[in-house]
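Trainee: A single structure is presented below for examination.
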Amino acid sequence: MTDTAFKPRVFSGIQPSGGLTLGNYLGAMKRFVSMQAEPFETIYCMVDLHAITVWQNPTELRDNTRELCAGFIASGIDPEVSTLFNQSQVPEHTQLAWIFNTVARMGWLSRMTQFKDKAGKNKEAVSVGLFAYPALMAADILIYHATHVPVGEDQKQHLELTRDIATKFNHDYKVNFFPITEPVIEGAGTRVMSLRDGLKKMSKSDPSDMSRINLTDSPEQINLKIQKARTDSAGLPSELSGLEGRPEAINLVNIYASLSDISVERVLNEVGGTSFSEFKKTLSELAVSKLSPISKEMSRLTKETTEIDRILGRGAERARAIASPILKKTYEIIGMIQ
Ligand code: AMP
Ligand code: TRP
């Protein structure tokens, strides 16, 4: 249930850690675009402080942040309507994150699957920031009193932790100050899988470039990757039950449904009975027609560094105007003298 005491406000973030994938686009960006309407106010952030929880080359971080900003705009985020900025330029995020480090419990953070996956067997050697990552993410959201957070399925646990932090803060200080945020995880694109392995998430960090479609890929690359995508030997079913236990088939059908904004059932209605080679041709054409305009606009905008930096600078100012009074009030609640 949405907390009605708060203004409907959307916040979400993407790490500028190099390259946007079809997973980012279908799982996150597309929803970011569609939420830019009444009653919502929308705030979207390039979370550079999250990116540096694992090593980032400084030159690449700068380029990736600009490219990500270009990707937001090319996908349909209007910087006049939405506030677009990079996290490090609004210090209130880290100030609130410190407070949340004192609210979140070691046990809560230790249970985060993303931390366990990223740290692997190497828990002693990863940064403290990688462990504290979800408390900063909660601060990103709650420093704006955001009520809705569109994300892909993999962020669900972090959003539950954000709710836990808000609940504990409100309870400990006997206030109703932070909203209990609603995750927005909807549609066929919330979990786009690797094109090489239907059980693995499509990710910019996968060593194989053939496993993902990048928003910067040319039509030829998109075509090749879809033609080479792993499938099983059966054809396409006309009913949902025919996809059971077929992760690669489910993935391609989900991608088709999400790209064309229709239900999986309708896709199967249309393509049931055809072979994968035929379906892959249609899917390629669809993917190229949807992604090419974004890719072209993104590469044009990425070169306009002055304009991108101006948009980010103005976005940070707008963001601070909301964040600063919320931090001030938080300090008051805690008993800090200013
Ligand atoms: P990241 O690139 O990890 O910062 O993720 C940014 C956003 O994209 C988050 O909302 C993720 O949940 C979403 N996302 C990333 N990869 C995928 C994927 N393979 N399928 C669906 N959503 C994804
Ligand atoms: N952790 C998110 C990811 O990797 C990125 C992120 C940081 C985020 N802060 C956020 C997403 C706040 C939504 C809201 O995908």
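Just so it is clear, none of the values below were taken in a lab; they were calculated from the coordinates. Quantities reported herein were computed from a predicted structural model and do not represent experimental measurements. Because the Cβ atoms are built from the backbone with ideal geometry, glycine has one as well, and the counts that use them run over all protein chains shown.
Trainee: Using the scaling law 2.2 N^0.38 Å as the reference, what is the normalised Cα Rg of the chain? Working shown, then result.
Mentor: Details: Rg = 20.7 Å, N = 338, 2.2 N^0.38 = 20.1 Å.
Rg over 2.2 N^0.38 Å, computed on Cα atoms: 1.03.
Trainee: Then there's this: Determine the sum of side-chain charges near Met193: Lys and Arg each +1, Asp and Glu each -1, restricted to other residues whose C-beta is under 9 angstrom from that of Met193. Let's see the in-between values first.
Mentor: Working: positive: Arg191, Lys200, Lys201; negative: Asp197, Glu248.
With Lys, Arg at +1 and Asp, Glu at -1, the neighbours total +1.
Trainee: Related question: In sequence order, what are the phi-derived ³J(HN,Hα) couplings for the range 323-338 according to the Karplus relation 6.51 cos²θ - 1.76 cosθ + 1.60 with θ = phi - 60°, rounded to whole Hz, with x for glycine and proline?
Mentor: With coefficients 6.51, -1.76 and 1.60, one gets 6, 4, x, 6, 5, 4, 5, 4, 4, 4, 4, 6, x, 8, 7, 10 Hz.
Trainee: In addition: Helix 156-172 against the longest principal axis of the chain: what's the angle in degrees, Cα atoms only, rounded to the nearest 10?
Mentor: The helix 156-172 is inclined about 20 degrees to the chain.
Trainee: To continue, here is another question. Rank by packing, highest mean first: peptides 95-103, 190-198, with packing defined as the count of other Cβ atoms within 10 Å averaged across residues.
Mentor: Numbers: 95-103: 18.1, 190-198: 20.6.
For the peptides 95-103, 190-198, the packing ranking is 190-198, 95-103.
Trainee: Scan around Thr21 for amide H atoms under 5 Å from its own, H built in the peptide plane at 1.01 Å from N, and keep only partners 5 or more places away or cross-chain.
Mentor: Here Leu215 satisfy the definition.
Trainee: Sticking with this one: What does the charge add up to near Ile250, with Lys and Arg as +1, Asp and Glu as -1, over the other residues with Cβ less than 11 Å from its Cβ?
Mentor: Details: positive: Arg191, Arg246; negative: Asp232, Glu244, Glu248.
That works out to -1.
Trainee: A further question follows. Helix 276-302 against the longest principal axis of the chain: what's the angle in degrees, Cα atoms only, rounded to the nearest 10?
Mentor: The answer is roughly 40 degrees.
Trainee: Between Asn170 and Ser292, what is the label-to-label distance in nm when each label sits 7 Å out along the Cα-to-Cβ direction?
Mentor: Roughly 4.9 nm, to one decimal.
Trainee: Further, regarding this structure: Which percent, to the nearest 5, of DSSP beta bridges fully inside the chain are antiparallel? Before the final figure, lay out the partial values.
Mentor: Values: 2 of 16 bridges.
Antiparallel: roughly 10 percent of the beta bridges in the chain.
Trainee: Give me the extension gain from Arg310 to Ile180: residue separation times 0.36 nm, minus the current Cα-Cα distance, reported in nm with one decimal. Walk me through the intermediate numbers first.
Mentor: Numbers: separation 130, 0.36 × 130 = 46.80 nm, distance 3.30 nm.
Contour length minus Cα-Cα distance gives 43.5 nm.
Trainee: Starting from the amide H of Arg212, placed 1.01 Å from N in the peptide plane, find each other amide H under 5 Å away whose residue is 5 or more places distant or on another chain.
Mentor: Leu195
Trainee: Starting from the Cα of Lys204, move 7 Å in the Cα-to-Cβ direction to define the label point; list residues of the range 2-45 whose amide nitrogen is under 18 Å from there.
Mentor: Within reach of a label on Lys204, which here means backbone N under 18 Å from a point 7 Å along Cα→Cβ, the range 2-45 contributes 12-33, 44-45.
Trainee: Taking the dipole about the Cα centre of the range 209-299, with the C-beta of Lys and Arg at +1 and of Asp and Glu at -1, give me whichever of Pro293, Tyr256, Gln221 is farthest to the positive side.
Mentor: Checking the options against the dipole of the range 209-299, the answer is Gln221.
Trainee: Please give, to one decimal in nm, the separation of the simple spin-label points placed at Glu124 and Lys281, each 7 Å out from Cα toward the Cβ.
Mentor: The modelled label-to-label distance comes out at 5.8 nm.
Trainee: Compare the peptides 143-149, 247-253 by average per-residue count of other Cβ atoms within 10 angstrom and give them in order, highest first. Show your work: numbers first, answer last.
Mentor: Numbers: 143-149: 23.3, 247-253: 20.6.
Sorting 143-149, 247-253 by mean packing, highest first, produces 143-149, 247-253.
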